[in-house]
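The values are calculated or read from the model by the stated rules, or taken from the named source; none is laboratory data. All values derive from a computational prediction rather than experimental measurement. Counting neighbours? That spans all protein chains shown, and the Cβs are built from the backbone with ideal geometry, glycine included. Note: accessible area is taken over every heavy atom of the protein model, side chains too, but ligands, DNA and RNA are not part of it. Shrake-Rupley method; radii C 1.70, N 1.55, O 1.52, S 1.80 Å.
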Amino acid sequence: MKKIKRIAVFTSGGDAPGMNAAIRSSVRTATSNGLSVMGVRFGYQGMIDDDFIEMHHHSVSNILQRGGTILKSARSKEFRSAEGRKKAVENLKKHDIDAIVAIGGDGTFRGASELYEEYGIPVVGVPGTIDNDLYGTDETIGYDTALNTAMEAIDKIRDTADAHDRLFLVEVMGREAGFIALETGIATGAELILLPEAVKKLDYIRDTLKEVFKVQRRSSLVVVAEGDQTGGALNLAEKLKDDFGKYEMRVSVLGHLQRGGSPTSHDRVLASRLGSAAVEALLNGHTSVMAGVVSHKNTLTPMHKTWSEKKSINFELLELAKVIR
Ligand code: ATP
C-alpha cells in the first residue's frame with residue numbers, strides 16, 4: 001500500500017454534536033504524525049464540487065465545545081452514481097489525497113467502502129450519528145448529547161404537569177431504532193416506552209395507561225420513538241383520544257432540537273478517541289473499517305458489518321422500565 005502522506009477528513013449525513021471534536025482529533029493526530037490534512041466541506045457533495053480546505057493544528061482550535069460541524073454536512077444524490085464518484089475521485093487525486101477519514105452514519109460508510117472498492121483509496125469511518133444505531137460501537141458520537149437534550153426537554157414538559165389527569169405523549173428521534181426513546185424514557189420515569197424493536201398492540205397501550213391512571217397519579221408520560229409502529233406521538237394521540245378523552249392530552253414532537261447543542265463531556269471524549277483511532281488505523285494499514293469503542297476498548301469493525309449487522313437495544317432496560325414505573 002502507498003505510504004500515506006496526506007489525508008482528507010469530512011462529515012456526512014445527519015449532523016451530530018461531537019463531530020467537531022472528532023474532526024479536531026483526526027486533524028491533530030494526523031499533523032502530529034507528520035501528515036498533511038485537507039477538510040472537505042459538505043461531505044460527498046463537496047468532494048464532487050471541489051470544496052476542499054487545508055487544515056492545520058490551529059484550524060481546529062476552539063471547536064471542541066461547538067455543536068454541528070465546521071466542515072458542514074450534506075446528503076449527496078450525485079455521489080450514489082458511478083459518475084459522481086468518478087468526479088469526487090478526480091478531485092481527491094488533484095489534491096494528492098492518499099486516504100480518507102469519513103465521519104457519519106452507515107450511508108456514509110457505504111459510500112466510503114465504494115471509494116476503496118472502485119479506486120483503492122483507503123478509508124476509515126468514525127460513527128457520528130445521534131441515533132446510536134450502528135453495529136461495532138457501544139455508542140455513536142452525538143447520542144449522549146441527544147439523550148440529555150431530550151431528557152431536559154421532557155423534564156421541562158413535566159414541570160408543568162402538576163395538574164391532575166394529564167397524558168403526555170413525547171416523540172423522540174429514532175426512525176429505525178429505539179435507543180434514544182429507551183434511555184430517555186428511563187431517565188424521565190416514563191410510564192410507557194414505545195420502540196420499533198418491541199412492538200406493542202394498541203390494546204396493551206390502552207390497558208397499561210388505564211392501569212397507571214388507576215393506581216396513581218397526576219400525570220402520565222409516554223415516550224415514543226418516531227419509528228414506532230404506532231406512527232409516532234401524533235398518530236398515537238389520535239388513536240387514544242376516544243378512551244382517554246377525559247384526560248388532557250399533550251403531544252410534543254421534539255424533532256431537530258435533539259441534534260443541536262454543545263456536546264456532553266461523554267461525546268467529546270468519545271469523539272476525541274475515535275477521531276484519533278481512525279487516523280492511527282490508516283497509518284497501520286487498515287481500510288474499510290469503522291473505529292468504535294466496545295466495552296471501553298477501542299475496536300475496528302469491517303465497514304460492511306455496520307449496515308449488515310443490527311445492534312440490539314438493551315431489552316433488560318425495557319423490563320426495568322416496567323418494574324419501576
Ligand atoms: P445518518 O445516520 O445520520 O442519516 P448517514 O451517513 O447514514 O447518516 P445517509 O444520508 O444515509 O446518512 O448517507 C450519507 C451520504 O452517503 C449520502 O447522501 C450519499 O451521498 C452517500 N451514500 C449513502 N449510501 C450510499 C451508497 N450505497 N453508495 C454510495 N454512496 C452512498
note = Rounded to the nearest 10, the angle in degrees between the Cα long axis of helix 82-94 and the longest principal axis of the Cα atoms of the chain comes to 50 degrees
task = Identify which of GLY128, GLY67, GLY18 has the largest mean-square fluctuation in a Gaussian network model of the chain, with springs joining Cα atoms closer than 10 Å.
result = GLY67
inquiry  = For segment 122-228, give me the percentage of DSSP beta bridges that are antiparallel, rounded to the nearest 5 percent.
reply    = 10 percent
query = Can you pull the Kirkwood radius for the chain, inverse mean 1/r over Cα pairs, to one decimal in Å?
reply = 20.7 Å
Electrostatic dipole magnitude of segment 143-259 [Cβ: Lys, Arg +1; Asp, Glu -1; Cα centre; debye, to 20] = 300 debye
ask   = GNM on the chain, C-alpha springs below 10 Å: top fluctuator among THR208, THR188, THR230?
value = THR208
note = The base-10 log of I(q)/I(0) that the Debye equation returns for segment 143-259 at q = 0.23 Å⁻¹, one scatterer per C-alpha, is -1.40
query = Kirkwood-based Rg over Rh for segment 225-325 (C-alpha set), two decimals?
reply = 1.12
ask   = Taking only C-alpha pairs under 8 Å that are 6+ residues apart, what is the relative contact order of the chain in percent?
value = 24 percent
Selected from LEU274, LEU236, LEU169 as most flexible by GNM, with the chain as the system and alpha-carbon contacts under 10 Å = LEU236
inquiry  = Using only the alpha-carbon atoms, how far is helix 265-283 inclined from the longest principal axis of the chain? Give it as 0 to 90 degrees, nearest 10.
reply    = 30 degrees
key: Dipole magnitude of the chain, debye to nearest 20 (Cβ charges: Lys/Arg +1, Asp/Glu -1, about Cα centre)   = 460 debye
task = Could you pull the accessible area for MET55 with a 1.4 Å probe, rounded to 10 Å²?
result = 10 Å²
task = Mind checking the per residue accessible area of segment 143-259 for me, 1.4 Å probe, whole number of Å²?
result = 45 Å²
query = How many percent of the accessible area of segment 1-138 is carbon or sulfur, using a 1.4 Å probe?
reply = 46 percent
